[in-house]
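The values are calculated or read from the model by the stated rules, or taken from the named source; none is laboratory data. Model, not experiment: these values are computed from the prediction. Cβ coordinates were reconstructed from backbone atoms using ideal geometry, including for glycine residues, and neighbour counts include every protein chain displayed. Note: accessible area is taken over every heavy atom of the protein model, side chains too, but ligands, DNA and RNA are not part of it. Shrake-Rupley method; radii C 1.70, N 1.55, O 1.52, S 1.80 Å.
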Amino acid sequence: MTTPTCPRCGGRFQEGFILDRADKTRATASWVEGAPERSFWTGLKLKDKARYPIVTHRCMQCGFLESYAPKS
Ligand SMILES: [Zn+2]
């Protein structure tokens, strides 16, 4: 994947990810298929749903964030 340029200021993007802290464990935020469904056991049902880790680029000039959830 090529690093795009910022649509706002034309600055350069830096690759990163959004840190998601649930129950003190460190994880990357993920995109999950469909609407969120509550689960008594795990908080949210994730079974049988497609899940992709989110890659977020940050503009080094203005701070604009652009997120992608590539297939692998
Ligand atoms: Zn920018």
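Annotation: of all residues in the stretch 31-63 being of a type in the set (A, V, I, L, M, F, W, C) and in a strand (DSSP E or B), the one that is most open to solvent (accessible area, probe 1.4 Å) is Trp31. Going by the conditions given, is Thr28 surrounded by 13 or more Cβ atoms within 10 Å (Cβ to Cβ) and either away from the ligand (no atom under 16 Å from the Cβ) or of a type in the set (D, E, K, R) (or both)? Taking the combined requirement at face value, the residue satisfies it.
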